[in-house]
Each structure stands twice: as structure tokens, then as C-alpha cells.
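Written below as C-alpha cells is the structure these notes are about.
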Amino acid sequence: AREQAARGGARAKAGGAKALEEEVSSTEEMQRLGLSMSTIRTYLALQAEYKQEHFLIHSGHTLRSTPDFIGFRRKYSADQWDTSEAWAALEGAIADLERLLKRYRVPLAIVDGSKLAARSLSGVGRVSLPDLLACVENQEQVFPLLELPGQSGPFSGNSKKAVKDSAASRVGALVRGVQERGRWAVTKKQLAAAVRLQATIRRMISDLAVSRLRRREHLRAAKKIIELRRRLADLWQPSGQAPAERVEVHLPSLSLAEGLRRLLLLRGTYPADECREAMQRLSALRDPALKHLVFVAPYELPDDVIAHWCAALERGNPGAMSAGSVRQRLTVVVPEASAHFAPHSSLARCLALSPLALRRIEKLVKRHAPLVAAPQPPMQHQQQRGAPRAAGAAPAAASAGVGELEGSPLTGSKTSLSFELGELSGGLGLNGLAFRVCYLVPGVVGAEEEELAVKLDLPLLAPPTHIAESLRTSSGAKAVFSEARVNVPIGAHDVSTVEDLVVALCKLVASNLDIETWVLRANHDHGEVGVAYLEAVDLIAVHALREERLELVKKHPEKGLRCWAAPEVQLLARARLLPNLQQDLPHKVKFARPQLWSGAQGHRGPGSTEAREAWVNFLAHFLRSGGSIAAEPPPSALVGKVAAHLVLGPHAAREVEVQMPAVGSGGGAGGAGAGGRERG
């Protein structure tokens with residue numbers, strides 16, 4: 001029996017060692033178990049000899065694959081126990097013991113399973129820590145580990161100093177954690193700031209690169225425009241006539257503000273009416289010297305319309321033109337991008353983004369326009385190479401015959417066109433180069449037309465953009481006529497705010513009570529879209545002021561109407577007129593195009609909201625670019641209106657012949673009638 005027991009113990013010992021080696025497979029765990037392996041073997045031999053219900057907890061983990069734990073679990077999972085409650089209570093006690101031993105870093109603990117089961121199944125609830133420690137068999141090895149300095153366990157062996165050391169270590173760890181988190185927060189902010197700074201610097205570098213590129217392209221386009229102007233000056237005859245053999249590209253585009261184009265679109269006249277009005281450009285084909293005319297249209301023109309115009313031109317000059325010659329010299333080009341853009345887009349923009357139409361125009365120019373060489377400038381305009389220029393001497397003229405524009409309305413001083421071209425061109429020269437006798441004839445010239453001219457390499461028969469934009473406004477035209485000492489109606493210009501508008505109207509009406517109608521005109525106006533009229537007789541204060549003026553003239557007959565112009569009288573008149581204007585102006589004003597402003601044709605009573613809404617819409621359009629105020633002559637004194645077509649050649653001749661046909665009824669136009677000529 002003893003031999004069998006010894007053989008059984010040896011087999012159990014061998015099986016336990018093998019199970020332990022399978023449970024602890026890593027090298028680090030094997031090293032930690034190396035020191036206690038002999039003790040475990042001895043314990044396994046004794047356990048096999050005395051059949052005790054012990055199991056092991058190694059580094060806070062129960063060795064559940066050992067025969068002892070398997071037998072312990074089998075015993076307390078038998079039928080006489082409530083499996084759902086008994087083994088759950090034992091598992092809770094084992095988990096508490098594992099957490100305790102793991103917290104205090106106990107490498108090996110031998111647990112008496114019978115004691116643990118007795119305390120867990122006693123029905124008192126959760127097992128306390130002293131009862132858990134009482135179940136440990138190797139207390140002489142475990143308790144010293146629990147009483148080490150820095151440990152914080154509720155044991156009798158812990159001293160107050162150990163508790164203090166543990167609290168100090170916890171406080172120190174907390175403080176160090178707070179400090180490290182603060183440093184990490186600062187580091188994160190610094191990293192985020194560095195990222196933002198680098199992104200900002202890279203964006204600034206990119207913006208600077210883009211600005212330099214745009215500036216370079218702008219300068220290149222400006223030099224190209226100056227070169228094209230010089231080319232046009234070389235093409236133009238010194239007598240002021242157009243070149244004999246030429247090709248014209250007509251572009252009836254309106255480079256107006258987008259808001260104004262939208263208003264024209266709402267009116268229903270853009271771009272249909274504009275194209276119909278531009279069809280009059282085909283009359284240039286009456287000149288036999290015009291070899292070919294390229295007409296850019298926003299949409300496909302019907303064949304019968306083109307045939308009608310060609311037949312009309314052939315009938316007008318039967319001797320100079322043969323049948324079908326006009327149609328052969330006319331080509332209509334429609335940009336393919338017109339169908340993909342908004343209806344209010346300008347024709348120049350659509351053509352600039354239509355590569356097929358641009359290529360077709362280039363082919364037409366190469367086919368029909370003659371190629372000529374640039375003329376050599378006179379010797380007096382050339383400077384010897386290496387010879388210094390005299391102090392105060394102007395640069396060489398850009399081209400022969402370029403004169404001066406005296407009394408420029410923009411600067412108010414003498415501006416030399418040759419000096420401007422010579423300085424801005426930066427030494428560009430056309431001497432010895434050849435070019436086509438062709439130029440672009442735009443409608444309203446703007447930046448889009450200049451961009452298109454650079455793309456097509458064609459000069460523009462138009463003034464520079466900044467001059468055209470200034471002279472196209474009502475305020476700019478009024479300033480030019482005033483500087484030229486031409487009689488202009490009484491009024492004000494450069495009105496840009498509501499206060500300026502009301503104050504200017506108040507001053508004008510108070511000092512000119514005999515004027516019946518005042519015209520409000522926006523600067524950037526086309527087709528009288530931004531035109532409104534104010535009838536002075538509709539203002540109640542005007543009737544009272546006229547009666548007071550009569551009484552004042554009766555009291556001072558020796559002064560006459562001069563007494564009404566006295567400063568103190570004008571101040572009192574304006575004080576009475578100003579509230580009336582501020583209250584009744586939205587309801588008394590009338591629009592030239594009332595269909596554009598909602599409610600403009602409705603009731604104009606004091607409580608009319610439609611009239612006020614129409615006035616607000618018109619005022620927003622009027623103040624967007626400013627405008628002018630002018631007096632309208634009475635219908636009885638208006639004899640007629642004249643329209644002048646003024647053409648300034650590239651050589652800027654000082655005397656220009658202007659043909660002014662009379663428009664309107666009556667023959668009071670005098671020498672400025674139809675076919676008459678005036679010297680300007």
C-alpha cells in the first residue's frame with residue numbers, strides 16, 4: 001500500500017509540475033517561478049500525501065488547470081450544492097483574494113479551499129479581508145509582503161509611518177500627474193500654434209506667389225494693350241481715315257455692372273434688343289474698302305434677317321456693290337459657351353471662354369486681313385545707342401504722329417500720350433514686325449474686352465478702360481462738359497448717399513422754384529434704367545414758397561428776385577422744404593422704366609407701401625454707383641435734342657469734325673441739323 005501511495009504521489013507530482021509548466025509558458029513567468037518551484041514541488045508532494053483541498057494563486061491569478069483546483073471545483077459543484085449560488089459565492093471570494101494579492105504583489109499564495117468555502121457559504125454575505133487572509137496557509141511568507149513600507153492595507157502589522165509614506169507617495173503621484181498633464185497641455189498648444197503658424201506662412205507664401213503671378217500677367221496684358229494701341233496708330237491713316245484694306249470684328253457686348261445687366265434682363269430687352277440694335281453695325285459693309293466683317297452674336301441669327309440686311313445694303317449702293325457681295329463679306333460667329341452661361345452674362349465673357357469661336361475668328365482674320373509691315377518711326381524720335389538723354393527730355397514717342405491730349409478731364413492738366421506710351425511700354429517696339437490690318441470694335445469697353453483683345457491679338461477701336469468708365473457715367477460727362485465750358489443744366493453730380501440726395505434736392509428746389517421737373521440719373525445707366533423724375537409742383541411746400549417769394553419781391557421791388565437768393569432766406573426756405581421732401585419723396589417720384597420697380601405704377605398715396613418699395617429698390621440701384629441731379633427744361637422751351645457721334649482717331653487730332661443729326665420735332669436745330677457739320 002505504501003509503495004502504491006508513493007507511486008501515486010510521484011504520478012501526481014509529475015502531473016502537477018507538467019500542468020504548472022503549461023500554465024506559465026512565458027520566459028518571464030518561468031523566471032519568477034524558478035525560485036519557488038522547489039517549494040511548490042514539496043507542497044504538491046505533501047498535498048498528494050494528505051489529500052488536502054488547497055490550490056495556488058500565482059501573481060494574482062489562480063492556477064485553475066491544476067488537479068487540486070479541478071477537484072475543489074468538482075466537489076463544490078456537486079449535486080448537493082446549489083450550483084448557481086454556491087460556486088458563484090466561491091468565485092466572488094476567489095476574485096477578491098486575487099485582487100488583494102495582486103495589489104500587494106504577492107508572488108505565491110497557498111489557499112485552503114475548505115476554509116474559504118466555509119466562510120463563503122456561511123450566508124453572511126461578502127467575505128471580509130481578515131477572513132480572506134485567514135484562508136492563506138503560507139501566512140509567514142505573505143504577511144511580510146503586506147507590511148512593507150509604502151503599502152496601505154488595513155492590517156495590524158502596518159505602522160502609522162507606513163500609512164503616511166503611502167499617503168505621501170499618492171499625493172506625490174497626483175502632483176506629478178497634474179504637472180505632467182499641464183506640461184502636455186502646453187505642449188499640445190505649442191504644437192497646434194506651430195501647425196497654424198506654418199499653415200499661415202505657407203498660405204502667405206502661396207498668396208504672394210499668386211499675387212506676383214497675377215501682377216506679372218497684368219503687366220504683360222498692359223504691355224500688350226499698349227502694343228496693340230501703337231499698332232492701331234500705325235494702321236490709321238494720318239488724315240484720320242480708317243485703313244483702306246481692313247477686317248473688322250464687331251463685338252456688341254455690354255460690359256456693364258452685373259446688377260445693371262440683371263435689370264436689363266428683367267426688362268426683357270437683354271440681350272435680344274441689344275443684338276437687334278447692334279445689327280446696324282452691318283451698315284459698315286457699305287464701305288467697299290472693308291474686305292470682311294465678322295459679327296459676333298449672342299445667338300444664332302435667322303437666315304432671313306441676314307438676307308434682309310444684305311439686300312438693303314446692296315439696294316442702297318447699287319453701283320458700288322454687286323449682288324451677293326455683301327453676304328460674301330459677312331460672317332456671323334456665335335460663341336458656343338453662350339448656351340451654358342447665365343442669360344445676363346456679357347458677350348465678351350462668353351466669347352473669351354469659347355475656344356472654337358476664337359479659333360474661327362483667328363482663321364477668318366488670317367484668311368481675309370492683309371499682312372503689312374510696321375512703319376519705321378522718324379529719325380528724330382530715335383535715340384543713338386549709348387548716347388545719354390538730356391536732362392528733362394521726354395522719352396521717344398511711341399509712334400509717328402502721336403500728339404498730346406490737352407486739358408484731360410481726368411487729371412485737369414496736360415497729359416502727353418506719347419510719354420505715357422513710351423514709359424509704360426518698357427521699350428516695346430514694332431519696328432520691322434508685320435501684323436494684320438484688323439481691329440476689334442466693341443460696344444461698351446471694359447476689362448473683359450481688353451482681355452479678349454489680348455487673346456485675339458487685335459487692337460481695340462475704343463478708348464482706355466479707365467477713361468471710358470469715367471466718361472460713361474453721368475457725373476463724369478457732366479464734369480467734362482463743365483470743364484469744356486459747355487452749358488449744362490442746373491444740378492449736382494457725384495451724389496452717393498441718401499443725405500446727399502435729399503440735401504442736394506432741397507438746395508436746388510429752394511433756389512430754383514421755377515423748375516418744374518428734376519431728373520435723377522444713375523451714373524452707370526443704360527437705356528434709362530436708372531432714371532427717375534420729380535415734379536416740383538407735387539410738393540406742397542413749393543406752392544407756399546412760391547407765394548412767399550412773390551410777397552417778398554413785392555416788398556423789395558428794387559432787388560427783384562435777388563432778395564430770394566439771400567442766404568438767410570434760403571436757409572428758411574430749405575428748413576420748410578426739407579421735411580416735405582423726406583416724407584413725400586418716395587411717393588412723388590416717377591420712373592422712366594416703371595416696369596422694373598415693383599409697385600411703381602400703383603397708388604401713390606401717403607400710405608402706399610408699393611410706392612415705397614419701388615423707391616427703396618430704385619434708391620439701392622442709384623446709390624450703388626452714385627448719380628447726378630439735373631433740371632429738365634419745360635416742354636414748351638424744348639426745341640429738340642441732338643445726338644453727336646464723335647470719333648477720335650488714334651492720333652488724337654485737336655480738331656474733330658462731328659456730325660450731329662437732329663432728333664425730334666421742329667426745325668430749331670439750325671446749322672446742327674441733319675447733314676450739318678460743326679467744328680469741335
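For this structure, a couple of remarks:
- What region 203-254 shows is 59 Å² of accessible area per residue, with the surface traced by a 1.4 Å probe over protein heavy atoms.
- Fraction of accessible area attributable to carbon and sulfur, region 85-143 (%, probe 1.4 Å): 53 percent
- Taking the Cα centre of region 463-520 as origin and assigning +1 to Lys and Arg Cβ atoms and -1 to Asp and Glu Cβ atoms, the resulting dipole is close to 180 debye.
- HIS292, HIS340, HIS556, ranked by accessible area, largest first (probe 1.4 Å): HIS340, HIS556, HIS292
- Accessible area per residue (1.4 Å probe, heavy atoms of protein chains only) ranks LYS507, LYS478, LYS554 as LYS554, LYS507, LYS478, with the largest value leading.
- Highest-first arrangement of 66-74, 225-233, where packing means the average Cβ count within 10 Å: 225-233, 66-74
- Accessible carbon and sulfur surface of region 493-564 relative to its total accessible area, %, 1.4 Å: 55 percent
- Added length on full extension, which subtracts the Cα-Cα distance from 0.36 nm per residue, ARG215 to ALA637: 146.5 nm
- Positive end of the dipole of region 517-578 (Cβ unit charges, origin at the Cα centre): among LEU572, GLY560, ILE540, the Cα lying farthest that way belongs to GLY560.
- Subset of LYS224/LYS478; LYS507/LYS555; LYS478/LYS559; LYS478/LYS554 violating a 27 Å alpha-carbon distance limit: LYS224/LYS478; LYS478/LYS559; LYS478/LYS554
- For HIS344, the accessible surface of its heavy atoms amounts to roughly 20 Å² (probe 1.4 Å, protein chains only, rounded to the nearest 10).
- When peptides 95-106, 440-451 are sorted by average Cβ neighbour count within 10 Å, with the highest value leading, the order is 440-451, 95-106.
The values are calculated or read from the model by the stated rules, or taken from the named source; none is laboratory data. Since this is a predicted model, take the numbers as computed values, not measurements. Neighbour counts run over all protein chains shown; Cβ positions are idealised from the backbone, glycine included. Note: areas computed on protein heavy atoms with side chains; ligands, DNA, RNA excluded. Shrake-Rupley method; radii C 1.70, N 1.55, O 1.52, S 1.80 Å.
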